[in-house]
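The values are calculated or read from the model by the stated rules, or taken from the named source; none is laboratory data. In this text, all values refer to a predicted model and were calculated from it rather than measured experimentally. All Cβ positions, even for glycine, are placed from backbone atoms using ideal geometry, and neighbour counts span all protein chains on display.
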Amino acid sequence: MTWLDLIAVPLLAKICLVSMFPLSAYDKIVHWGEAMDQAKFGPLPFPALLLILGIAVETITPVLIVVGLWDRAAAFVLAGFCVITALLYHQFWKFPRFWSKNGEGRAHLWDFFKNFGLVGGLLLVVISGNYEPASQVVARPFSTGPSSITPILNCR
């Protein structure tokens with residue numbers, strides 16, 4: 001196994017998974033007023049505190065995930081952040097015509113499902129203890145990796 005298998009590909013995958021979060025935190029800082037308006041729109045009290053906590057989560061957890069320090073816990077926290085954000089701040093179903101081209105809730109629809117896509121990727125970081133080496137994935141691109149089937153076979 002090479003550095004590509006064990007370091008480069010998993011690192012690149014983690015960077016791709018979490019790269020938007022520090023940028024989102026920066027955007028919240030630079031556009032504080034707009035971010036505060038969005039935080040006030042939600043049902044939770046103390047929007048300024050929530051905004052500061054959100055910025056902290058979006059700044060700290062991606063770094064922990066990428067460097068591999070408490071990456072499972074950080075991925076779990078960030079997944080929870082995505083779930084809460086989707087359910088409380090992207091309630092597309094409250095907008096009539098959210099499917100229509102110019103529907104007011106259309107952006108919320110896609111943000112809601114984007115968040116849950118990220119939750120899936122982050123939960124994979126939480127549950128995966130060992131990576132399938134990239135060379136094995138390339139050699140057998142359509143097969144199930146041994147790490148996903150071994151626990152099932154060992155259950156008795």
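Tabulated values for the structure
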| quantity | calculated |
| --- | --- |
| Output for region 36-76, where each listed residue is without any contact (Cβ under 8 Å) to a residue 40 or more places away in the chain and more than 22 Å from Val119 (Cα to Cα) | Met36, Asp37, Lys40, Pro45, Phe46, Pro47, Ala48, Leu49 |
| Residue in region 56-70 that is in a helix (DSSP H, G or I) and over 24 Å from Ile15 (Cβ atoms) present | no |
| Elements of type helices (runs of 4 or more DSSP H) in region 90-156, at least 2 residues being modelled with pLDDT of 80 or more | 106-127 |
| Residue satisfying all of: in region 87-107; among the small types (Gly, Ala, Ser) and surrounded by 14 or more Cβ atoms within 10 Å (Cβ to Cβ); farthest from the chain's Cα centre (by Cα) among these | Gly103 |
| Failed item, numbered, when Ile60 is tested on (1) under 16 Å from the mean Cα position of the chain (by Cα); (2) exposed (fewer than 14 other Cβ atoms within 10 Å of the Cβ) | (2) |
